[in-house]
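Visitor: Pasting a structure below so you can have a look.
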Amino acid sequence: ANGLNDPKMSKKRMLCIAGTFAAFQAFMPMTGWLCVHTIVEYFSAFEKFIPWIALILLAYIGGGMLLNGIRHKDKDEVSHTQLTAWALFIQGVATSIDALSVGFTIAESDWLMALVCSLIIATVTLVICLSGLVIGQQFGTKLSNQAEMLGGILLIDIRHATFLSHYFQHL
């Protein structure tokens, strides 16, 4: 979605965005692991709200992108909303908050193995995000103003799919 929104994004910016997602994907499982080993009683009550929080955050970001794309749909100039540090932070949290649950599944591992698992997750995330940014950039160039709308729809759809999967898994 971010690649769609900024077809002229520099390689440095791509690495920054993908690195942010990778860092959050590494941080969240370690946080979940730490919670299990310290404050599990308090945190387990919060676990059921994780998909709802992520749903709301991504719906907000995706909805904003979609609305901005609709507002500029008929204009000749291509409008691309600048991805701010705050928006990137929110995206990082929203897309990785369900990774807290991974920390629960690796809770029986020692801290070194939990760290290795988190670093593997971060590496895979980095590669996938960089690939997604490059692909999004190519489509963003071709789609012009519709790219922002598509990016917003993608963020909303990703969260809905993850939310529904989490919801039906716990029925």
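The values are calculated or read from the model by the stated rules, or taken from the named source; none is laboratory data. Quantities reported herein were computed from a predicted structural model and do not represent experimental measurements. Backbone-built Cβ (ideal geometry, glycine too); neighbour counts: all protein chains shown. With ligands, DNA and RNA removed, areas are computed over all heavy atoms of the protein, side chains included. Shrake-Rupley method; radii C 1.70, N 1.55, O 1.52, S 1.80 Å.
Visitor: With a 1.4 Å probe and all protein chains kept in place, how much accessible area does residue 13 have, in Å² rounded to the nearest 10?
Guide: Residue 13 exposes around 70 Å² with every protein chain in place.
Visitor: Separate question: Suppose R0 equals 25 Å; then what is the FRET efficiency for residue 87 and residue 48 from their Cβ-Cβ distance, rounded to the nearest 0.05?
Guide: 0.40
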